[in-house]
Amino acid sequence: MVTVQQAIDLALQHHRAGDLPKAEGIYKQILQADSNQPIALHFLGVIAHQVGKNDIAADLITKALAIKPKYAEAHCNLGLALQELGKLDEAVSSYRKALAINSKYAESHCNLGIALQKLGKLDEAIASFRKALSIKPDYAEAHTNLGVAFQDLGKLDEAVACYHKALSIKPDFPEVHTNLGVALQDLGMLDEAIASSHKALSIKPDYAKAHSSLAFVLEMANHTEELRDAVAAAKRSCPGHPRVSHGEAYLLKRDGDYAAARAVLEGAEEADSNPGFLATRAYLLGDLCDRLGDTDAAFEYAREGNRSCRDTPEAKRAKGRRYLARIDVLVKRFKAEWIKTWPRLDADESSRDPVFLVGFPRSGTTLLDTILRSHGTIRVVEEITAVDRLRNALGRLPGGDPDGLAKIDSAQLADLRQIYCAELDKHLEPDDPSAVVIDKLPLNAIEAGVIHRIFPQARFLFVQRHPCDCVLSCFMQDFKITDAMANFLDLRDAARLYDKVMSLWHQYREVLPLKVHTVRYESLIESFEETLTPALDFLGVGWDDRIRSYTETALRRTRITTPSYSQVTQPLYTRARGRWERYRGHMEPVLPTLLPWARRFGYDA
């Protein structure tokens, strides 16, 4: 006679071999004899989870735990089912119960990390992954998930190192090759990113995410013919998959067939639950509909993209109000009376004062950046954290940030200048010490007061665009979400941020002797040379005809970290000028905020 344990062992043998129907049959036979057998209930629930019936899985495993509460594996697998059902807090609780029973349960630490990551708690997730690896150093999946967490935090070098470690343990891991490709792409290493996607597809030819990643990086690298081949291969391997349709839409958009691209995306058969992908798809559809003149659909797709974006780990971690609060602090501090209390300091003239390219996002800063970097004696560094390093150092001094600006002495000033310059130098080639260096980050505009105190001779190139066009474009754009960019997920929030940024910028202009030259975006695209000549004079350099070939500069760039790549690789166009007028009805709620700024800037409101 076969004992219960023998039956369980036989079922588990079939289960591990992947023969789920045979294992399921044995588990059910065991339960016919004893409906309260916890191991059979548990593993029958595991099978339900494996075939996507997570509600049934949760019920079965919960019954097992009612009988055997100290069953660590069951708590862990209940967490997996709850996680698939979107019940992340309950999943976290289940993983923690498993770990309370067995603190050395590496898989539960890893699963806990995944759930925490989905909740936007990346620091806690990283701690969980590291705990799993301290128990099981050769756990390839934990190395991978740690890499994903680092990637979500923007720590791309750390992410790449984790992916390489995972691949050293498990070389034929297509998901990791794909993730590595995305990280390399974000680092601007496009050839390496392409190779990683190809490697993933050599292992798993029907892996839709790898096809999608390959299409995206080929589009970014401007490899049109390779993109055509990649899309054709993807359609053969994964017909109808939404990620493959996305790659096809990129190609059709590049060819100017916007209607066909829209039809492909809207006609994709399968759903994809990843919020980041859903957001990207919606933003792309919004852009296509905008180009086709279907403004209602374009605006609604932008709303859809923003709704999906809110569910991404980056958005859950970001705090838009925290960014607004920073602006409010600066508004309160930078008054003429406070500035009069600053002691006079002697700046070290041996270090050059940089130029800052600022403005509101989507105002044309990337276009001007690309034009200026085409000049032989101008070096532009884009989207770096040098000013953040400066602020962090200031925050550690007496008074903190920004109050410490009124208390620093000449030695501290020299240290702060050195901290900024050291970070800046990491992004420069030491080939031309006479070059004009431009630090481009649009929202460094709100830090102009701090910058001026540390670099009193700093110059600012301020790019100005119609406020309504700026805010509309930000609302409809697929940004990497930070505290600042989180404000663009709602139209009213975007307009409020614009109002605060411009109010602070003009306050700085009133109370500080900032050296500023304003470049108007609309003038730049209409009167190229007439607009650029005064800007070059402001920078102290003469005309260089190479700036006319700025599209070639854009195509040679290994990395553009803003969403403006496709625009700056094209000749100047006026399609985006005054685009907001087509959306006037949609923008009605924010016009009372934006139109006064438009009039102040001299636009016809």
If amide hydrogens are placed 1.01 Å from N in the peptide plane, which non-local residues have theirs closer than 5 Å to the one on residue 380?
438
What is the magnitude of the charge dipole of the range 113-221 about its Cα centre, with +1 placed on the Cβ of each Lys and Arg, -1 on the Cβ of each Asp and Glu, and no other charges, expressed in debye to the nearest 20?
380 debye
Share (percent) of C-alpha pair distances in the range 437-511 greater than 20 Å works out to 35 percent
From zero up to wherever the largest Cα-Cα distance of the range 431-478 sits, split into 10 Å bins and tell me the percent of pairs in each.
20, 39, 28, 13, 1
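Could you give the accessible area per residue of the range 332-448, probe 1.4 Å, as a whole number in Å²?
That works out to 44 Å² for each residue.
Hey, got the dipole for the chain? About the Cα centre, +1 on K and R Cβ, -1 on D and E Cβ, debye to the nearest 20?
Numbers: 78 positive and 82 negative charges, 310 e Å.
Dipole about the Cα centre, nearest 20: 1480 debye.
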In the chain, which longest range has no chymotrypsin sites (Phe, Trp or Tyr not before Pro) that are both DSSP loop (not H, G, I, E or B) and surrounded by at most 14 other Cβ atoms within 10 Å?
1-542
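In Å, the Kirkwood hydrodynamic radius of the range 1-144 over pairs of distinct alpha carbons?
Numbers: mean 1/r = 0.0641 Å⁻¹.
It works out to 15.6 Å.
Based on a Kirkwood Rh over C-alpha pairs, give the Stokes-Einstein translational diffusion coefficient of the range 327-439 at 10 °C and viscosity 1.306 mPa s in µm²/s. Don't jump to the answer; show the numbers that get you there.
Working: Rh = 15.9 Å.
Value of D from the Cα-based Kirkwood radius: 100 µm²/s.
With the alpha-carbon atoms as the only input, what is the per residue convex hull volume for the range 65-171 in Å³? Please list the in-between numbers first.
Working: hull volume 9.5 nm³, N = 107.
In the range 65-171, the Cα hull volume divided by residue count equals 89 Å³.
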Would you work out which of 458, 11, 531 lies farthest towards the positive end of the dipole of the chain? Charges go on Cβ: Lys and Arg +1, Asp and Glu -1.
11
Using a Förster distance of 51 angstrom, determine the FRET efficiency expected from the C-beta separation of residue 506 and residue 96, and round it to 0.05.
0.50
Within the accessible area of the range 1-84 (1.4 Å probe), percent carbon and sulfur:
54 percent
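Leaving out ligands, DNA and RNA, and with a 1.4 Å probe, what % of the accessible surface on the range 168-310 is carbon or sulfur? Let's see the in-between values first.
Numbers: 2870 of 5900 Å².
Reported share for carbon and sulfur atoms: 49 percent.
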Is the range 112-218 best put as rounded, prolate or oblate by its Cα gyration tensor, with a ≥ b ≥ c the root eigenvalues, rounded for a/c under 1.5, and otherwise prolate when a/b is larger than b/c, oblate when not?
prolate
Distance (nanometres) between label positions extended 7 Å along Cα→Cβ at residue 232 and residue 406
7.0 nm
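Please work out the Kirkwood hydrodynamic radius for the range 200-356, using every pair of different C-alpha atoms, and report it in angstroms with one decimal place. Let's see the in-between values first.
Working: mean 1/r = 0.0527 Å⁻¹.
One decimal place: 19.0 Å for the Kirkwood radius.
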Probe 1.4 Å, protein heavy atoms only - accessible area per residue of the range 30-77 in square angstrom:
48 Å²
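Quick one: plug the Kirkwood hydrodynamic radius of the range 1-73 (C-alpha pairs) into Stokes-Einstein at 37 °C, 0.692 mPa s, and report D in µm²/s.
Numbers: Rh = 12.1 Å.
Once the numbers are plugged in, D ends up at 272 µm²/s.
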Here D for the range 261-327, in µm²/s, from Stokes-Einstein with a Kirkwood Rh over Cα pairs at 25 °C and 0.890 mPa s, works out to 189 µm²/s
Lys/Arg +1, Asp/Glu -1 at C-beta; the chain dipole; positive extreme among 320, 591, 472
320
Compute the relative contact order of the range 142-215 as a whole-number percentage, counting only Cα pairs closer than 8 Å that sit 6 or more residues apart in sequence.
24 percent
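Could you do me a favour and compute the accessible area per residue for the range 464-529, 1.4 Å probe, result in Å²?
Details: 2200 Å² over 66 residues.
Ligands and nucleic acids excluded, the result is 33 Å² per residue.
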Search the structure for amide H atoms under 5 Å from the amide H of residue 518, placed 1.01 Å from N in the peptide plane, and list their residues when 5 or more places away or on another chain.
462
Could you pull out the trypsin sites (Lys or Arg not before Pro) across the range 62-138 that fall in loop regions by DSSP (anything but H, G, I, E, B) with no more than 14 other Cβ atoms inside 10 Å?
70, 104
Calculate the radius of gyration of the Cα atoms of the range 26-109 to one decimal place, then report Dmax, the largest Cα-Cα distance, as a whole number, both in Å.
12.1, 35
Estimated FRET transfer efficiency (residue 157, residue 66; beta-carbon r; R0 35 Å; 0.05):
0.15
On the protein heavy atoms, probe 1.4 angstrom, tell me the percent of accessible surface of the range 452-529 carried by carbon and sulfur.
42 percent
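The values are calculated or read from the model by the stated rules, or taken from the named source; none is laboratory data. Just so you know, these numbers come straight off a predicted model, no measurement behind them. Positions of Cβ are generated from backbone atoms using ideal geometry, with glycine treated the same way; all protein chains shown enter the neighbour counts. Just the protein is used for accessible areas: all its heavy atoms, side chains included, with ligands, DNA and RNA removed. Shrake-Rupley method; radii C 1.70, N 1.55, O 1.52, S 1.80 Å.
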